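Some notes on the structure that comes next.
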Amino acid sequence: MTPVELPREELERMIFFEEACQRAESDHDKDPTDAQVLTRWGGALLELAHFRNGSDAVDMIERAVNKFDAALKINPRKHDALWCLGNALTSQGFLFREQSKAEEYFDRAKSCFQRALNEEPTNEIYKKALEMTDKAPGLHAELQRQLAEQELEQKKVRMPQSSAGSTTEASVSSEWFYDISGWICFAGIALSWAMLQREQN
């Protein structure tokens, strides 16, 4: 979705987090050892991933993970960075079709949420995140089932057009890939945003 297609509130939200990224980058230049700045930077990147599709969203999530990792190298017990990293890893898990690969990320996310909860045992947000991560493999399996059904439908649509030549087929296949890529990104990110919004409300 391009900026001109966004509702006004969403556009303002996107601009806010773009500016937050710029401020965090500037603050980081002044003090590279500030774990809170790195956490804010990663959080803003993770929010901005919500406004991206396909490879752009994947890259944005990866950049967020790098910021959280950097913050935790400075302060391994920083619970909000652990929580944010858990959200990012959960999102990454949904980017993989292979169940085993996805579960590697879900397990890492669960470890982050557990470590965050260990630091703040009464934090209800961390408790809920831990519970939601237990449901991630089932949600992933359902998503993959829906993707498989959609892929089958796409193949049925392409079959009558096979006589039109390989160029048309390659074009359709490419379009399908990017549509699915965007869907996978959004599905993973949506789980993270549900947690983020619950904290803000």
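The values are calculated or read from the model by the stated rules, or taken from the named source; none is laboratory data. As the structure is a prediction and not an experimental result, all values here were calculated from the model. Counting neighbours? That spans all protein chains shown, and the Cβs are built from the backbone with ideal geometry, glycine included. Accessible surface is based on the protein model in full, side chains and every heavy atom, while ligands, DNA and RNA are left aside. Shrake-Rupley method; radii C 1.70, N 1.55, O 1.52, S 1.80 Å.
Tabulated data for the structure shown
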quantity	calculated
Matching helices (runs of 4 or more DSSP H) fully within the range 37-152 where at least 3 residues are of a type in the set (A, V, I, L, M, F, W, C) and open to solvent by 20 Å² or more (accessible area, probe 1.4 Å)	54-74
Any hit, the range 180-188, residues being in a helix (DSSP H, G or I), out of contact with any strand residue (DSSP E or B) (no Cβ under 8 Å at 6 or more places or on another chain), open to solvent by 60 Å² or more (accessible area, probe 1.4 Å) and at pLDDT below 90	yes
Members of the range 1-36 that are of a type in the set (A, V, I, L, M) and either at pLDDT below 85 or surrounded by 14 or more Cβ atoms within 10 Å (Cβ to Cβ) (or both)	M1, V4, L6, L11, M14, A20, A24, A35
Filtered residues of the range 91-104 (kept if more than 17 Å from Q146 (Cα to Cα) and either touching a strand residue (DSSP E or B) at 6+ places or on another chain (Cβ under 8 Å) or at pLDDT below 90 (or both))	S91, Q92
